[in-house]
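The values are calculated or read from the model by the stated rules, or taken from the named source; none is laboratory data. Computed from a predicted structure; not experimentally measured. Counting neighbours? That spans all protein chains shown, and the Cβs are built from the backbone with ideal geometry, glycine included.
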Amino acid sequence: MDIQNKTILELVNDNLLTLKQVQDLINKNQRKAARDAKKARLEETKTKVSESLETLLKEPGSTVKHRTVWLSVGKEDFTRDEVLNALRALRDEGVLQNIKTSNNNFQVFWAFVKQEEAQIFGSINDIKE
């Protein structure tokens, strides 16, 4: 048993901490670690999705379906939901818009925001080669 565990044990023995409080702290730390890992994974996925969209949406007015993006980034490397969450995050950041042609969820297309809106955030056309 290392010194940190002895210290916690001493605090429990001295009735300054309960075992439930120690377990609550451990659980809280595990939840925070899981949230941090999820955020890091989202950022990694957003980067890959953005890189893929630069190719898929190269032509002005182009649209793409979620599955096409998922296959482009590699469905072995990223889950369907991870790619969808990345697309939604990019939409929330004003980079993308989604276009529904009907109430069917399989007919949702993704595109860069309209040019007039894109000027606020920048667009792929602003990149100098």
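Remarks
- Unique match (being part of a helix (DSSP H, G or I), at pLDDT 95 or above and touching a strand residue (DSSP E or B) at 6+ places or on another chain (Cβ under 8 Å)) among Val49, Val69: Val69
- Taken over region 71-92, the criterion of being exposed (fewer than 11 other Cβ atoms within 10 Å of the Cβ) and either of a type outside the set (Asp, Glu) or in contact with a Phe, Trp or Tyr (Cβ under 8 Å, 6 or more places away or on another chain) (or both) is satisfied by no residue.
- Total residues in region 1-51, condition over 27 Å from Leu87 (Cα atoms), surrounded by 10 or more Cβ atoms within 10 Å (Cβ to Cβ) and charged (D, E, K, R): 4
- Only one of the listed residues (Val108, Val64) is modelled with pLDDT under 90, among the aliphatic types (A, V, I, L, M) and surrounded by 11 or more Cβ atoms within 10 Å (Cβ to Cβ). That residue is Val108.
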